[in-house]
Amino acid sequence: MALVNIESAPRRILQILKKQPVNTGLEVLTYKRNRGLAIIKEADDFFWVRERGYFEEEKRVGESDLPKVIKSILKRECPRSRKVRIYSLSSPDEVGSPRKKL
């Protein structure tokens, strides 16, 4: 996908995740692709979130808590970023796959 403004990223991520089928997801990375988060839809109302960068953490989150978790992770992992990259994942195996280097 393309670069997305950091202020509109949480809303855009939630819109995309609502339409995605189960066992697919998104990977949100900084411009340099060295930090970010991955979100996999496990069920209609549960998501697996993996943070990669300053902190390495994985957690299972309900749909109601997801906006708060996304916002806090983006603030922590992308503190000075103005744009983030959003990639679609067709399976959980694609999480952390190498992306194009700058």
Q. Does V61 satisfy the criteria of being more than 12 Å from R85 (Cα to Cα), free of Cβ contacts under 8 Å to residues at least 24 places away in the same chain and in a loop (DSSP other than H, G, I, E, B)?
A. no
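Name the one entry in Y31, Y87 that is in contact (Cβ under 8 Å) with a residue 24 or more places away in the chain and assigned to a strand (DSSP E or B). Full working, then the answer.
Numbers: Y31 fails: assigned to a strand (DSSP E or B).
Y87 is the lone residue from the list that is in contact (Cβ under 8 Å) with a residue 24 or more places away in the chain and assigned to a strand (DSSP E or B).
Can you tell me which residue within region 56-102, out of those that are hydroxyl-bearing (S, T, Y) and either out of contact with any Ser or Thr (no Cβ under 8 Å at 6 or more places or on another chain) or modelled with pLDDT of 95 or more (or both), is surrounded by the most Cβ atoms within 10 Å (Cβ to Cβ)?
Step by step, filter region 56-102, then rank; the result is Y87.
Looking only at region 13-44, filter to residues that are among the charged types (D, E, K, R) and surrounded by fewer than 19 Cβ atoms within 10 Å (Cβ to Cβ); which one of those is farthest from S90 (Cα to Cα)?
K32
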Q.
Quick test for you: out of L89, L74, L17, pick the one residue that is touching a Leu at 6+ places or on another chain (Cβ under 9 Å) and within 15 Å of I6 (Cβ to Cβ).
A. L74
(Q) So, in region 48-84, how many residues would count as being closer than 22 Å to V22 by Cβ, touching a Lys or Arg at 6+ places or on another chain (Cβ under 6 Å) and not aliphatic (A, V, I, L, M)? (A) 2
Q. If you scan region 1-43, which residues turn out to be touching a strand residue (DSSP E or B) at 6+ places or on another chain (Cβ under 8 Å), acidic (D, E) and under 22 Å from R76 (Cα atoms)?
A. E27
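The values are calculated or read from the model by the stated rules, or taken from the named source; none is laboratory data. Treat the numbers as computed from the prediction; the structure is a model and nothing was measured. Don't worry about glycine lacking a Cβ; one is built from the backbone with ideal geometry, like all the others, and counts go over all protein chains shown.
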